[in-house]
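Novice: Handing you this structure, nothing more for now.
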Amino acid sequence: MASLMKVINVSKIYDLGSEVITALNNVNIEIYKGEFISIIGKSGSGKSTLMHILGLLDTPTSGEIILNGQNTKGMKEKELAKIRNKEIGFVFQSFNLLQRTTTLDNVMLPLKYSDIPSYMWRKKGLDMLKMMGLENRLHNKSNELSGGQKQRVAIARALINDPSIILADEPTGNLDSKTGDEIIELFSDLHKQGRTVVIVTHNEEIADLAQRKIIIKDGEVIEQ
Amino acid sequence: MRTSEIFRSSVVALSLNKIRTFLTMLGVIIGVFAVVALVSVVKGFENYITDQFNSLGSNLIWVMPGMVSFEQGGGEPSFANNKLDSKHVELIERYASDIYSEISSVVRVPKTIKYKTKTYTATLTGGTERMYEILNVQLDLGRFFSKAEVDSKARVLILGSLVTEELFPTKNPIGEKVKIDGISFTVIGTAKPWGPNFDDRVFIPDTTIKSSLGVDRYTGIIVRVKDDEDMEDASRKIKLAVLRDLKEDDFTVMSQKDILSSVNSILNVLSVGLAAIAGISLFVGGIGIMNIMLVSVTERTREIGLRKALGATSKDILIQFLTESILIGFLGGALGLILAWIGTLIASSWIRAEIPWWSVLLGFGFSVVVGVVFGTYPAMSASKKDPIESLRYE
């Protein structure tokens with residue numbers, strides 16, 4: 001399999017003045033195209049910090065992130081924003097949909113920061129929502145949807161720019177177990193379609209469903 | 001992010017809190033309304049005064065008692081120490097005879113006129129038989145008084161249109177007797193409607209007003225200069241004539257142009273002063289915009305984090321929030337202008353109020369500038385937010 005992302009000697013240290021916290025310590029990971037990976041660890045283990053660094057929302061104190069052969073170290077904010085928009089699809093625990101905004105507008109949001117012409121936005125949004133089985137919820141506001149529907153909208157939004165990697169942070173954390181299972185199954189289907197999926201979770205059962213499991217403890221990768 | 005999309009996003013964001021957006025705009029609306037409406041009303045006064053003067057013709061010169069000046073520190077007509085009388089009309093007639101076509105003394109005094117049970121307080125205006133020509137009085141019925149009537153101090157008068165309406169709503173007043181201070185006068189004419197400043201007048205020979213009503217000093221002398229005469233030269237000659245009897249401090253010679261330009265300069269200062277005071281409310285409106293935008297930035301912290309995660313740059317966020325505050329200023333300005341326009345239409349019933357183009361630019365420009373100035377800090381604080389912290393914000 002071809003390499004998609006390389007995490008090389010990445011450390012993240014927070015200097016709070018009175019104390020220094022090492023959130024990540026010399027982490028090395030390689031993610032291949034089409035993989036389904038779970039990152040598991042207890043609360044405070046550094047898994048969320050790792051996900052933020054993988055998603056280029058945060059920069060490591062030391063080390064490098066190579067995405068599609070491109071070293072992201074030293075990139076300017078504009079370049080990082082473009083990569084986030086084009087290459088990375090985020091799914092959050094609390095869905096993070098725009099309040100009182102329609103399902104379709106929420107899904108189309110990443111397109112507004114892309115180079116894709118505006119006349120294509122609606123069609124792409126409709127296609128994504130159809131794929132998620134939400135074609136009859138196009139004009140519902142986010143507050144009119146169930147938890148499972150909200151997460152499907154968030155996944156549709158993550159997929160709309162056809163990203164290289166989908167990063168999901170505790171995607172079932174705010175869902176009941178039945179809906180959570182459906183969402184995990186959805187990620188599994190996306191993997192089967194050839195997409196690269198990385199799920200951050202503290203739930204062993206969900207982590208076990210992934211193709212590869214990365215266990216993180218006290219900021220260090222102890223198994224992968 | 002495309003400009004049209006930024007605009008659309010801003011409209012959506014503002015429409016999500018319609019009442020709050022409107023209340024935020026209110027300061028700007030009131031500010032722009034106040035600036036533009038005040039300027040238009042002052043302009044209306046300017047038009048009114050100009051119209052009144054223009055209706056008299058442009059070649060009039062007034063001789064007024066005391067040192068009169070509309071400039072800063074200047075005085076007003078001094079009626080308490082009034083030394084103008086018939087002697088000065090004669091001096092002008094003798095020493096400036098070549099420059100004028102008409103001359104008349106003017107005596108003005110408010111008096112109550114009684115006809116049977118009806119009364120009306122009018123401005124009694126005494127003058128010579130030439131006064132109606134100088135003031136362009138147009139007769140509706142009857143005639144003006146003659147030189148013989150002036151010389152004989154005849155108790156005759158001409159009623160302004162408002163006085164006629166009040167005292168003789170249905171009856172022809174010619175030949176009727178009215179009473180002023182218990183003395184009987186015969187109505188010999190009525191004037192056509194002319195303007196609010198003249199319609200409440202009653203014209204009477206100046207000799208009569210002195211002998212019968214005891215008013216012995218002139219309010220002024222009006223001279224209509226010949227059409228081909230230079231106004232400045234005429235003013236100088238009239239002044240020299242009157243100086244033969246009076247000192248320079250005892251009277252003032254002013255042409256219509258002098259008075260108009262003085263009045264207009266006072267109104268311009270008044271206009272700018274009032275607009276500046278009204279502008280304070282625009283400043284307060286700006287503080288309102290900043291306050292609400294800061295609240296909005298805090299409320300939408302997660303949205304800011306999300307947008308950054310999905311590809312927005314700090315500049316995108318800055319532009320979006322700035323557009324929202326500019327839009328508040330813009331819409332507030334537009335609504336303020338509409339209100340000012342409606343206010344001006346209403347005021348037009350009384351005075352010829354008009355909105356000068358510069359006040360529209362000033363009001364509208366300021367409202368947009370207020371949006372930019374007071375929206376910049378909240379927009380910058382939004383753009384600087386850390387995406388991770390923002391996504392975690394509860």
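The values are calculated or read from the model by the stated rules, or taken from the named source; none is laboratory data. Fair warning: this is a prediction, and the values are worked out from it, not measured in the lab. Virtual Cβ from ideal backbone geometry, glycine too; neighbours counted across all protein chains shown.
Novice: Please go through (1) without any contact (Cβ under 8 Å) to a residue 24 or more places away in the chain; (2) away from chain A (no Cβ under 14 Å) for B:L310 and return the number of the only condition it doesn't satisfy.
Specialist: (2)
Novice: Considering B:P169, B:P173, which residue is part of a loop (DSSP other than H, G, I, E, B), farther than 22 Å from B:R224 by Cα and without any contact (Cβ under 8 Å) to a residue 12 or more places away in the chain?
Specialist: Exactly one of B:P169, B:P173 is part of a loop (DSSP other than H, G, I, E, B), farther than 22 Å from B:R224 by Cα and without any contact (Cβ under 8 Å) to a residue 12 or more places away in the chain, namely B:P169.
Novice: Here is a further query. In the range A:87-102, what residues are within 27 Å of A:L145 (Cβ to Cβ), more than 7 Å from chain B (Cβ to nearest Cβ) and not in a loop (DSSP other than H, G, I, E, B)?
Specialist: A:I88, A:G89, A:V91, A:T102
Novice: Output yes when any residue across the range A:96-119 is under 30 Å from A:I21 (Cα atoms), touching a residue at least 40 places away in the same chain (Cβ under 8 Å) and buried (at least 19 other Cβ atoms within 10 Å of the Cβ), and no when none is.
Specialist: Scanning the range A:96-119, I find at least one residue that is under 30 Å from A:I21 (Cα atoms), touching a residue at least 40 places away in the same chain (Cβ under 8 Å) and buried (at least 19 other Cβ atoms within 10 Å of the Cβ), so the answer is yes.
Novice: Failed condition for A:G133, given (1) assigned to a loop (DSSP other than H, G, I, E, B); (2) within 13 Å of chain B (Cβ to nearest Cβ), with all others met?
Specialist: (2)
Table: residues versus (1) hydrophobic (A, V, I, L, M, F, W, C); (2) within 14 Å of chain A (Cβ to nearest Cβ).
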position: B:G279; (1), (2): no, no
position: B:E303; (1), (2): no, yes
position: B:I317; (1), (2): yes, yes
position: B:L339; (1), (2): yes, no
position: B:G363; (1), (2): no, no
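Listed here are the residues, each with its yes/no results for (1) touching a His at 6+ places or on another chain (Cβ under 6 Å); (2) within 30 Å of A:N106 (Cβ to Cβ); (3) β-branched (V, I, T).
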position: B:N264; (1), (2), (3): no, no, no
position: B:A278; (1), (2), (3): no, no, no
position: B:I289; (1), (2), (3): no, yes, yes
position: B:I304; (1), (2), (3): no, yes, yes
position: B:D316; (1), (2), (3): no, yes, no
position: B:F330; (1), (2), (3): no, yes, no
position: B:A334; (1), (2), (3): no, no, no
position: B:W341; (1), (2), (3): no, no, no
position: B:R352; (1), (2), (3): no, no, no
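Novice: Filter the range B:94-111 down to the residues that are within 36 Å of the chain's Cα centre (by Cα) and without any contact (Cβ under 8 Å) to a residue 60 or more places away in the chain and list them by number.
Specialist: B:P110
Novice: Please report, ordered by residue number, the strands (runs of 3 or more DSSP E) entirely within the range B:187-272 with at least 3 residues that are more than 25 Å from B:D140 (Cβ to Cβ) and not assigned by TED's automatic domain parsing to the domain that holds B:A154.
Specialist: B:251-255
Novice: Continuing with this model, one more query. Condition first: buried (at least 20 other Cβ atoms within 10 Å of the Cβ), more than 9 Å from every other protein chain (Cβ to nearest Cβ) and part of a helix (DSSP H, G or I). Can you find one or more residues in the range A:75-86 that meet it?
Specialist: No, every residue in the range A:75-86 fails to be buried (at least 20 other Cβ atoms within 10 Å of the Cβ), more than 9 Å from every other protein chain (Cβ to nearest Cβ) and part of a helix (DSSP H, G or I).
Novice: Could you look through the range A:153-182, keep only residues that are modelled with pLDDT under 90 and part of a helix (DSSP H, G or I), and pick out the one that is surrounded by the most Cβ atoms within 10 Å (Cβ to Cβ)?
Specialist: A:G180
Here is a yes/no grid of residues against (1) within 16 Å of B:V107 (Cα to Cα); (2) within 32 Å of the chain's Cα centre (by Cα):
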position: B:T128; (1), (2): yes, yes
position: B:V150; (1), (2): yes, no
position: B:E165; (1), (2): no, yes
position: B:G175; (1), (2): no, no
position: B:F203; (1), (2): yes, yes
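Novice: Of the residues B:R224, B:R217, B:R244, which single one is closer than 29 Å to B:I188 by Cβ, among the charged types (D, E, K, R) and in contact with a helix residue (DSSP H, G or I) (Cβ under 6 Å, 6 or more places away or on another chain)?
Specialist: B:R224
Novice: Give the residues of the range B:8-48 that are farther than 28 Å from B:S261 by Cα and either acidic (D, E) or not in a helix (DSSP H, G or I) (or both), sorted by residue number.
Specialist: B:L16, B:N17
Novice: A further question follows. Taking B:I289, is it β-branched (V, I, T), touching a helix residue (DSSP H, G or I) at 6+ places or on another chain (Cβ under 6 Å), more than 14 Å from chain A (Cβ to nearest Cβ) and free of Cβ contacts under 8 Å to residues at least 60 places away in the same chain?
Specialist: Here the answer is no, as B:I289 does not meet what is asked.
Novice: Quick check on the range A:188-202. Is at least one of its residues in a helix (DSSP H, G or I) and among the hydroxyl-bearing types (S, T, Y)?
Specialist: yes
Novice: Pairs, please: C-beta under 8 Å, at least 6 apart or cross-chain, first residue facing chain A (nearest Cβ under 7 Å) and under 14 Å from A:M108 (Cα atoms) and in the range B:1-12, second part of a helix (DSSP H, G or I) and aromatic (F, W, Y)?
Specialist: The qualifying pairs are B:M1/A:Y113.
Novice: Sticking with this one: Yes or no: the range A:46-62 includes at least one residue that is away from chain B (no Cβ under 14 Å), surrounded by fewer than 19 Cβ atoms within 10 Å (Cβ to Cβ) and assigned to a strand (DSSP E or B).
Specialist: yes
Novice: Let me ask something additional. Considering only the range B:184-228, state which residues are surrounded by fewer than 16 Cβ atoms within 10 Å (Cβ to Cβ) and within 21 Å of B:A96 (Cα to Cα).
Specialist: Result: B:K226, B:D227, B:D228.
Novice: Just to be sure, is B:E133 in a strand (DSSP E or B) and either touching a Pro at 6+ places or on another chain (Cβ under 9 Å) or under 23 Å from B:S58 (Cβ atoms) (or both)?
Specialist: no
Novice: Being within 12 Å of chain B (Cβ to nearest Cβ) and either assigned to a strand (DSSP E or B) or out of contact with any Phe, Trp or Tyr (no Cβ under 9 Å at 6 or more places or on another chain) (or both) is the filter; apply it to the range A:136-152 and report the residue that is farthest from A:F92 (Cα to Cα).
Specialist: A:K141
Novice: Quick check, is B:I61 part of a strand (DSSP E or B) and either more than 14 Å from chain A (Cβ to nearest Cβ) or out of contact with any Ser or Thr (no Cβ under 8 Å at 6 or more places or on another chain) (or both)?
Specialist: Considered against the rule, which asks whether it is part of a strand (DSSP E or B) and either more than 14 Å from chain A (Cβ to nearest Cβ) or out of contact with any Ser or Thr (no Cβ under 8 Å at 6 or more places or on another chain) (or both), B:I61 comes out as yes.
Novice: Residues being crowded, with 19+ Cβ neighbours inside 10 Å, touching a Phe, Trp or Tyr at 6+ places or on another chain (Cβ under 9 Å) and closer than 18 Å to B:G126 by Cα: count how many of those fall in the range B:163-183.
Specialist: Number of matching residues: 2.
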